[in-house]
Amino acid sequence: MPIKDCLFCKIIDGKVPCNKVYENEKIFAFNDINPVAKKHILIIPKRHIENIGQTKNLEIFGELLISTDIIAKKLGILDSGYRIIINKGKDSGQIIDHIHLHLIGGETLGLLN
Ligand code: 5GP
Ligand code: ZN
């Protein structure tokens with residue numbers, strides 16, 4: 001069920017434009033508007049889930065994680081590698097309350113913070 005005021009639900013519904021990279025029945029992936037690396041994709045479930053603590057649905061987590069290699073291959077960075085980040089809560093800097101994986105790569109990345 002889409003949440004009326006959720007930006008990412010609006011993106012899934014096509015009410016807010018995005019550059020789509022990949023989609024299947026359960027998930028949707030698009031370019032981050034403010035990339036922190038040469039490749040920066042956001043991968044989200046089509047079902048609204050606020051953050052990583054809000055579901056025990058293993059299928060959703062599986063779909064999100066299985067999609068990363070598929071998307072990396074589409075981006076041409078499967079061999080060079082990539083990083084996945086999930087933010088939760090204030091200290092992480094999470095600004096959108098619809099769970100999302102950041103997939104970043106396309107260049108050598110800095111150290112984890
Ligand atoms: P968070 O900090 O919540 O983990 O990450 C949210 C991400 O959403 C940020 O990297 C930000 O650049 C991205 N973002 C925010 N608004 C938009 C938008 O309207 N379109 C797209 N494509 N990305 C957005
Ligand atoms: Zn949402």
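Taken together, the values in this text are just the output of simple stated rules run on the coordinates, not laboratory data. All of these numbers come straight from a predicted model, not from anything done at the bench. Quick reminder, even Gly has a Cβ in these numbers, built from the backbone with ideal geometry, and neighbours come from all protein chains shown.
Side notes on the structure shown:
- Helix 58-75 and the longest principal axis of the Cα set of the chain meet at an angle near 40°.
- For the chain, the 222 nm mean residue ellipticity estimated from helices alone, with every DSSP H stretch of n ≥ 4 adding -39500 (n - 2.57) and the total spread over all residues, rounds to -7000 deg cm²/dmol.
- Residue pairs, from the table K20/K46; K20/K56; K38/K88; K15/K38, whose Cα atoms sit over 21 Å apart: K20/K56; K38/K88; K15/K38
- V16/L111 FRET efficiency (R0 22 Å; Cβ-Cβ; nearest 0.05): 0.10
- Relative contact order %, the chain, counting alpha carbon pairs below 8 Å whose residues are six or more apart: 30
- Given charges at Cβ of Lys, Arg, Asp, Glu: the chain dipole, positive-most of N57, L7, I96: L7
- Charged neighbours of I84, selected by a Cβ distance under 14 Å, balance to 0 (K, R count +1; D, E count -1).
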